[in-house]
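Quick notes on the structure that follows.
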Amino acid sequence: NSQIPIWQRSKSEVTDEQCMEFYKEKYHDDTDPAAVIRINAEGQVSYKAMLFIPGRQLLDYLTSSYEPGPELYSSGVMIMEHCQDLLAESFYFVRGVVDSPDLSLNISREMLQHDRQLKLIAQNINKRIKSELLKLLQNDRSKYEEFYKNYGRQLRYGAVANYGQDIESLRDLLIYSVDAENTRTLKEYVGNMPESQSVIYYAVGESVAKITRLPQAELVHSKGYELLCLTDEVDELILEQLREQDGKKFCNIVTDDLGLESEEEKKELEAKQAEVQDTLDFVSSTLGDKVAVVRLSHKLVSAPVCLTTEGTVTLEMERYFKKLPPTGMEPPKARRVLELNADSEAFKALERDVKENPDRAKKLVDILHGQALLMAGEELEDPAEYAQEVCSLF
């Protein structure tokens, strides 16, 4: 009996602790797996499986030598060491063993890819993995969040792979930070929305700290609304494909209309813009093609300036496409918009200098543009020159 592989024994014969010890020994990991999945299926296809969701990031996971997929056996005889076709790309971190007597021992790798029985096994396995992750999310949030730190990126990139064919099935597994300490699933975010909130607000940036300090975030937080903090470029692609959650559309606070001002406030802003149009034209002519549009902002509370975009390409998407291998085509560029706060002291100083000291006004324009770039996570074209311009105002 001791010669029977552990994955072929019944649950009554093998405890979870024994399964975990098997995992640790086989994969040289001293950490308990986050979950053990045991399957004994009979029907159209019969198979047994013992799968593991690692409790920490595997040592070779981010290396080129990492091969996804569980070991594949037929009646205890190994057919393949890593059967990638058994896992959806989102679940490439899963390790384990699958054993089916219905598979031929001498089947080739090419034939295996088109094997109907293998596809049925893969469908069932991926459903079980998702079910186990949902269970972990609902019953042990801290353990799930730790798992998400390790493998959340795999989930997200798997969601947009193959033209997003698996994105809907992964919707409930995605979590996002709303501040330094708390995370939300999309469903949880909608459940926490006040009645006055009509859309799901989000922003993309390098870190949660930088996102929450964006000038555009101040108005959202002042209304008591939460902000989804997306710290990976692919997150924005996910939300664009999902489109909405429980009837609530997604709103990028950097590019979209926040919908937080009344019709009266809109008319007041239009009137103010007409009043200071000469100053805005001066800013536009000074910056030239560095920005496409200069206008007054309805998103700013205390900050004097911010950089937003118009159109489908955002700053984050622009950075994402720049990181991709060269294709011979020019990567898409965002249409930059400089928004100014007419109530800020900086704008009042600029307005005054446009009339009285145009040379100083040009320096103020460059400084405000530099501030907007820095807050948006963009690089300054010439940091030394920017520093000199700031110092020259003293």
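The values are calculated or read from the model by the stated rules, or taken from the named source; none is laboratory data. Remember, it's a predicted structure, so these values are computed and weren't measured experimentally. Note: ideal-geometry Cβ built from the backbone for every residue, glycine included; neighbour counts use all protein chains shown. Heads up: the accessible areas ignore ligands, DNA and RNA and are worked out on the full protein's heavy atoms, side chains in. Shrake-Rupley method; radii C 1.70, N 1.55, O 1.52, S 1.80 Å.
Checked against the criterion of being open to solvent by 60 Å² or more (accessible area, probe 1.4 Å) and not charged (D, E, K, R), region 278-295 contains one or more residues that satisfy it.
Considering only residues that are assigned to a strand (DSSP E or B) and surrounded by fewer than 21 Cβ atoms within 10 Å (Cβ to Cβ), which ones fall in region 179-208? Steps first, please.
Let us first name the residues in region 179-208 that are assigned to a strand (DSSP E or B), namely 183-185, 200-204.
T183, R184, T185, listed by residue number.
Tell me, please, whether a residue that is in a helix (DSSP H, G or I), among the acidic types (D, E) and closer than 26 Å to E236 by Cβ can be found in region 287-294. Yes, some residue in region 287-294 is in a helix (DSSP H, G or I), among the acidic types (D, E) and closer than 26 Å to E236 by Cβ.
Kindly check whether there is at least one residue in region 327-343 that is part of a loop (DSSP other than H, G, I, E, B), open to solvent by less than 50 Å² (accessible area, probe 1.4 Å), modelled with pLDDT of 95 or more and not aromatic (F, W, Y). Checked region 327-343: at least one residue is part of a loop (DSSP other than H, G, I, E, B), open to solvent by less than 50 Å² (accessible area, probe 1.4 Å), modelled with pLDDT of 95 or more and not aromatic (F, W, Y).
Of the residues G328, G311, which single one is farther than 25 Å from T212 by Cβ and without any contact (Cβ under 8 Å) to a residue 12 or more places away in the chain?
Numbers: G311 fails: without any contact (Cβ under 8 Å) to a residue 12 or more places away in the chain.
None of the other options fit; the residue is G328.
Has region 169-178 got at least one residue that is free of Cβ contacts under 8 Å to residues at least 40 places away in the same chain, surrounded by 12 or more Cβ atoms within 10 Å (Cβ to Cβ) and more than 18 Å from the chain's Cα centre (by Cα)? The answer is no; no qualifying residue exists. Within region 376-394, the only residue that satisfies the criterion of being in contact with a helix residue (DSSP H, G or I) (Cβ under 6 Å, 6 or more places away or on another chain), open to solvent by less than 40 Å² (accessible area, probe 1.4 Å) and not aliphatic (A, V, I, L, M) is E389. When L373, L350 are checked against the criterion of being within 16 Å of L280 (Cα to Cα), open to solvent by less than 40 Å² (accessible area, probe 1.4 Å) and not β-branched (V, I, T), L350 stands alone in meeting it.
Only a single item in (1) in contact with a strand residue (DSSP E or B) (Cβ under 9 Å, 6 or more places away or on another chain); (2) touching a residue at least 24 places away in the same chain (Cβ under 8 Å) is not met by S90, and it is number (1).
Could you please let me know if V234 is hydrophobic (A, V, I, L, M, F, W, C), at pLDDT below 95 and surrounded by fewer than 19 Cβ atoms within 10 Å (Cβ to Cβ)? So that I can check it myself, show each step before the final result.
Details: hydrophobic (A, V, I, L, M, F, W, C): yes; at pLDDT below 95: yes; surrounded by fewer than 19 Cβ atoms within 10 Å (Cβ to Cβ): yes.
The answer is yes for V234.
Evaluating K272 against the criteria (1) in contact (Cβ under 8 Å) with a residue 60 or more places away in the chain; (2) assigned to a loop (DSSP other than H, G, I, E, B); (3) surrounded by fewer than 21 Cβ atoms within 10 Å (Cβ to Cβ) leaves one unmet condition, (2).
Which of the residues spanning region 257-269 are open to solvent by 40 Å² or more (accessible area, probe 1.4 Å) and in contact (Cβ under 8 Å) with a residue 24 or more places away in the chain? Don't jump to the end; show me each part of the working.
Of the residues in region 257-269, the ones open to solvent by 40 Å² or more (accessible area, probe 1.4 Å) are 257, 259, 262-269.
Correct list: G259, E265, K266, L269.
Given the criterion more than 19 Å from E351 (Cα to Cα), out of contact with any helix residue (DSSP H, G or I) (no Cβ under 6 Å at 6 or more places or on another chain) and either in a helix (DSSP H, G or I) or among the aliphatic types (A, V, I, L, M) (or both), identify the matching residue among E236, E265.
On the way: E236 fails: out of contact with any helix residue (DSSP H, G or I) (no Cβ under 6 Å at 6 or more places or on another chain).
Within the list E236, E265, the selection yields E265.
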